[in-house]
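Have a look at the structure below before the remarks.
The values are calculated or read from the model by the stated rules, or taken from the named source; none is laboratory data. This is a predicted model, so every value here is computed, not measured. Neighbour counts run over all protein chains shown; Cβ positions are idealised from the backbone, glycine included.
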Amino acid sequence: GAGVSQSPRYKVAKRGQDVALRCDPISGHVSLFWYQQALGQGPEFLTYFQNEAQLDKSGLPSDRFFAERPEGSVSTLKIQRTQQEDSAVYLCASSFDRRRGYTFGSGTRLTVV
Amino acid sequence: AQSVSQHNHHVILSEAASLELGCNYSYGGTVNLFWYVQYPGQHLQLLLKYFSGDPLVKGIKGFEAEFIKSKFSFNLRKPSVQWSDTAEYFCAVNAMGSGGGGNKLTFGTGTQLKVEL
């Protein structure tokens with residue numbers, strides 16, 4: 001497609017449940033980013049892939065968060081044993097190169113109850 | 001690590017008023033600068049970006065921003081706002097160099113703009 005696609009758009013999880021969020025970047029985009037956006041805040045960096053290599057995971061808040069991009073295209077962000085503080089919008093962005101900018105998806109709104 | 005400050009969290013303007021949203025960053029090296037807009041219910045969209053050259057950057061929908069290196073600022077301006085400009089605006093920086101954190105963007109907390117008819 002023409003844009004970055006994320007699914008699901010909304011996810012309600014019970015505390016302690018595992019969730020998996022999917023990102024389908026623009027075809028040919030080498031770089032892929034995950035961000036977390038809490039209510040009333042700007043997006044916060046989680047992790048970055050260049051093709052299938054995870055080059056930076058410094059923003060992942062705990063070892064409950066795990067991301068992968070095994071074939072260098074689709075990426076999955078997994079959150080294990082979800083907690084209420086994980087409630088946020090999770091944004092995916094992709095880029096061919098930084099000079100062309102970053103294209104964001106619509107995000108997945110995760111609510112942990 | 002770099003950080004971005006947006007001083008105005010909420011701005012209310014009447015149509016045709018002029019707009020200036022402040023953005024300051026903290027990083028001593030070379031930066032790439034961005035403004036993104038998020039309309040209600042939509043995803044983040046790029047308004048404009050600065051990489052090098054002319055510090056006055058023009059973007060879509062009549063927006064422009066000026067990079068002032070000495071002030072570490074990249075303020076967003078529009079001479080005459082419209083009701084359809086109601087949205088949240090985010091300033092972001094990509095810091096270059098070994099201490100810059102690579103390709104990631106660091107965002108400000110955003111400014112909610114409401115334009116009244």
request  = Kindly establish whether B:S52 is farther than 13 Å from A:G101 by Cβ, surrounded by fewer than 17 Cβ atoms within 10 Å (Cβ to Cβ), hydroxyl-bearing (S, T, Y) and within 14 Å of another protein chain (Cβ to nearest Cβ).
outcome  = yes
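Going by the structure shown, is A:G28 within 18 Å of A:R98 (Cβ to Cβ) and loosely packed, with under 13 Cβ neighbours inside 10 Å?
On the way: within 18 Å of A:R98 (Cβ to Cβ): yes; loosely packed, with under 13 Cβ neighbours inside 10 Å: yes.
Considered against the rule, which asks whether it is within 18 Å of A:R98 (Cβ to Cβ) and loosely packed, with under 13 Cβ neighbours inside 10 Å, A:G28 comes out as yes.
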Qualifying positions in the stretch A:77-113 - in contact with a Gly (Cβ under 9 Å, 6 or more places away or on another chain) and within 12 Å of chain B (Cβ to nearest Cβ) = A:V89, A:L91, A:C92, A:A93, A:S94, A:S95, A:F96, A:T103, A:F104, A:G105, A:S106
message = Among the residues in the stretch B:90-108, are any modelled with pLDDT of 95 or more, within 14 Å of another protein chain (Cβ to nearest Cβ) and assigned to a loop (DSSP other than H, G, I, E, B)?
response = yes
message = Report every pair of residues separated by at least 6 positions or lying on different chains whose Cβ atoms are under 6 Å apart, first residue within the stretch A:44-60 and without any contact (Cβ under 8 Å) to a residue 24 or more places away in the chain and more than 7 Å from chain B (Cβ to nearest Cβ), second among the aliphatic types (A, V, I, L, M) and surrounded by fewer than 17 Cβ atoms within 10 Å (Cβ to Cβ).
response = A:Q50/A:V30; A:N51/A:V30
request  = Evaluate the following for B:K114: is it within 13 Å of another protein chain (Cβ to nearest Cβ) and either in a strand (DSSP E or B) or under 19 Å from A:G59 (Cβ atoms) (or both)?
outcome  = no
query = Does B:L76 satisfy the criteria of being closer than 13 Å to B:G22 by Cα, buried (at least 21 other Cβ atoms within 10 Å of the Cβ) and without any contact (Cβ under 8 Å) to a residue 60 or more places away in the chain?
reply = yes
query = Which residue pairs have Cβ atoms closer than 6 Å, lie 6 or more positions apart in sequence or on different chains, and pair a first residue in the stretch A:78-89 that is over 13 Å from A:R64 (Cα atoms) with a second residue that is not in a strand (DSSP E or B)?
reply = A:A88/A:A38; A:V89/A:G107
query = For residues in the stretch A:31-81 being more than 24 Å from B:V4 (Cβ to Cβ) and of a type in the set (K, R), which is surrounded by the most Cβ atoms within 10 Å (Cβ to Cβ)?
reply = A:R69
